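Please read the structure below before turning to the comments.
The values are calculated or read from the model by the stated rules, or taken from the named source; none is laboratory data. The structure presented is a predicted model; accordingly, all values stated were derived computationally and were not measured. Because the Cβ atoms are built from the backbone with ideal geometry, glycine has one as well, and the counts that use them run over all protein chains shown.
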Amino acid sequence: METIAAISTAIGNGGIGIIRMSGKESFNILQKIFVNNKEKKIKIDKIKGYTMQYGYIINKNTGEKIDEVIVSFFKNPKSYTKEDMCEINSHGGMIVEKQILNQCLENGAILSEPGEFTKRAFLNGRIDLSQAESIMDLINSKTEKEAKASINQLQGELSGKINEIRHYLLDMMADIEAAIDYPEYDIEEITNKKAFNILENTSEKLNELKNTFNTGKILKEGIKTAIIGRPNVGKSSLLNNILKEERAIVSEIEGTTRDTIEEYISINGIALKIIDTAGIRKTSDTIEKIGVKKALDIANEAELVLAIFDNTKELNKEDLEILEIIKNKNAIILLNKIDIKENNLENNLELINTNKDIIKISAKKGKGINELYKAIENIFQIEELDNGEEAIVTNIRHKNQIEYAIKSIEQAKEAIKNNLPIDIISISIKQALEDLGKITGENVSEDIINEIFSKFCLGK
């Protein structure tokens with residue numbers, strides 16, 4: 001494979017910038033463009049892994065110094081990619097970083113594709129595919145708990161579980177193949193009985209793993225939360241108070257919010273995707289109609305609905321329609337504007353009969369916000385979502401492959417119950433092994449690999 005290079009730090013000004021190179025020509029290229037603090041070129045045969053050298057990147061053609069740098073050296077196979085690799089730590093700033101990258105490219109490297117460093121780590125056997133995917137999840141983490149789940153997967157918690165299950169199936173396949181290859185030894189009945197027990201146990205383990213996805217989805221994607229209510233009940237004020245900034249326009253004029261506003265917040269380590277929506281009411285305004293429809297669609301899709309009502313007024317027809325929307329959803333009823341007028345709206349039977357949490361708040365003053373957070377924690381049992389060191393499925397691709405494997409195992413169990421020939425049973429077991437192998441990358445197509453790594457950032 002050719003030697004690749006890329007800028008690994010984010011675009012923009014910063015304290016440092018990092019330009020990476022990986023491949024067999026990394027050190028040869030560096031020798032052409034790097035001099036140490038005594039302005040001498042490095043001696044490739046003297047380079048040791050896990051060492052650093054201070055010096056300058058120079059223009060090979062002119063000898064002009066481009067930047068003062070520190071270069072980190074990693075010798076194969078003890079590097080991120082298991083290839084010879086170096087990282088040039090320069091001053092931050094796109095001009096300097098691009099100049100250094102250009103020197104790498106002009107002297108033999110090629111520009112890496114997105115995720116190509118991690119792809120090489122996978123192809124060279126340093127990490128499996130699920131671990132590679134966890135790196136991108138870690139980079140994109142929005143909360144500490146999501147980052148922790150990604151670290152556990154990077155450390156091989158999920159791979160370990162999958163490989164343990166595959167080991168059971170591989171042992172069973174060895175028995176089955178022995179029965180097929182040596183039929184004279186009359187071991188088929190024993191193999192069938194043993195196979196069924198192993199398949200039953202394997203199915204249980206896979207279902208346990210699959211069931212962690214509900215937690216994993218919350219950790220990774222957060223909780224999609226819609227703020228709904230009729231116009232001017234304080235939806236935008238609530239959003240602004242939660243975010244501690246004037247994110248949404250607040251006005252006494254009804255219908256100010258016509259489109260959605262989306263932001264993330266963290267509650268006890270879990271991300272909430274908060275969506276402020278247009279006020280729900282009958283309207284003749286074409287644009288507002290679109291906003292109301294969008295609000296209703298988002299409320300239907302949301303995993304949590306914060307339904308706000310004006311505590312200074314009695315419920316009207318539009319309020320009752322909102323109660324109907326939240327009837328079968330995770331929802332919290334918020335009675336707003338308690339700073340203006342105390343009312344006993346919480347005693348309203350229509351509200352009580354929803355069996356939802358009812359919290360009195362002042363979105364403007366911030367009263368009741370902590371009680372709201374506690375109610376959200378209770379609904380989703382956020383305290384219990386700390387996965388510790390256990391394997392957890394956060395990736396929909398992994399969940400799908402586990403479901404395919406479960407289906408294949410159930411087919412094998414059914415075949416055993418029906419006393420089908422052992423070679424027929426083995427087809428379903430082999431399919432289950434292939435399904436699970438796609439999680440770790442042992443049986444995955446090049447197209448899937450390319451699709452996964454195309455989502456990575458450049459330089460990773």
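From (1) of a type in the set (Lys, Arg); (2) surrounded by fewer than 17 Cβ atoms within 10 Å (Cβ to Cβ); (3) under 30 Å from GLU133 (Cβ atoms), pick out the condition that doesn't hold for LYS43.
Evaluating LYS43 over (1) of a type in the set (Lys, Arg); (2) surrounded by fewer than 17 Cβ atoms within 10 Å (Cβ to Cβ); (3) under 30 Å from GLU133 (Cβ atoms) leaves (3) as the failure.
Among (1) under 26 Å from MET172 (Cα atoms); (2) assigned to a loop (DSSP other than H, G, I, E, B); (3) not aromatic (Phe, Trp, Tyr), which single condition is ASN343 missing?
Of everything listed in (1) under 26 Å from MET172 (Cα atoms); (2) assigned to a loop (DSSP other than H, G, I, E, B); (3) not aromatic (Phe, Trp, Tyr), ASN343 misses just condition (1).
If we keep just the residues of segment 46-87 that are more than 37 Å from the chain's Cα centre (by Cα) and in a loop (DSSP other than H, G, I, E, B), which is surrounded by the most Cβ atoms within 10 Å (Cβ to Cβ)?
Step by step, filter segment 46-87, then rank; the result is ILE47.
Looking at this structure, is GLU2 among the acidic types (Asp, Glu), closer than 17 Å to THR118 by Cβ and part of a loop (DSSP other than H, G, I, E, B)?
On the way: among the acidic types (Asp, Glu): yes; closer than 17 Å to THR118 by Cβ: yes; part of a loop (DSSP other than H, G, I, E, B): yes.
Against the criterion (among the acidic types (Asp, Glu), closer than 17 Å to THR118 by Cβ and part of a loop (DSSP other than H, G, I, E, B)), GLU2 qualifies.
Would you point out which residue out of LYS38, LYS32, LYS75 is over 19 Å from LYS119 (Cα atoms), modelled with pLDDT of 90 or more and in contact with a strand residue (DSSP E or B) (Cβ under 9 Å, 6 or more places away or on another chain)? Even if it seems obvious, please write down each step before you answer.
Values: LYS38 fails: modelled with pLDDT of 90 or more; LYS75 fails: over 19 Å from LYS119 (Cα atoms).
From the options LYS38, LYS32, LYS75, the qualifying one is LYS32.
Can you tell which of ILE369, ILE376, ILE359 is in the same structural domain as LEU320 (by TED's automatic domain parsing), in contact with a Leu (Cβ under 6 Å, 6 or more places away or on another chain) and either in contact (Cβ under 8 Å) with a residue 60 or more places away in the chain or buried (at least 18 other Cβ atoms within 10 Å of the Cβ) (or both)? Before you say what the answer is, go through the steps one by one.
Values: ILE369 fails: in contact with a Leu (Cβ under 6 Å, 6 or more places away or on another chain); ILE376 fails: in contact with a Leu (Cβ under 6 Å, 6 or more places away or on another chain).
Within the list ILE369, ILE376, ILE359, the selection yields ILE359.
Go through segment 353-460 and tell me which helices (runs of 4 or more DSSP H), entirely inside it, have 2 or more residues that are of a type in the set (Gly, Ala, Ser). So that I can check it myself, show each step before the final result.
Details: elements: 369-380, 396-417, 422-440, 446-454.
Here the list reads 396-417, 422-440.
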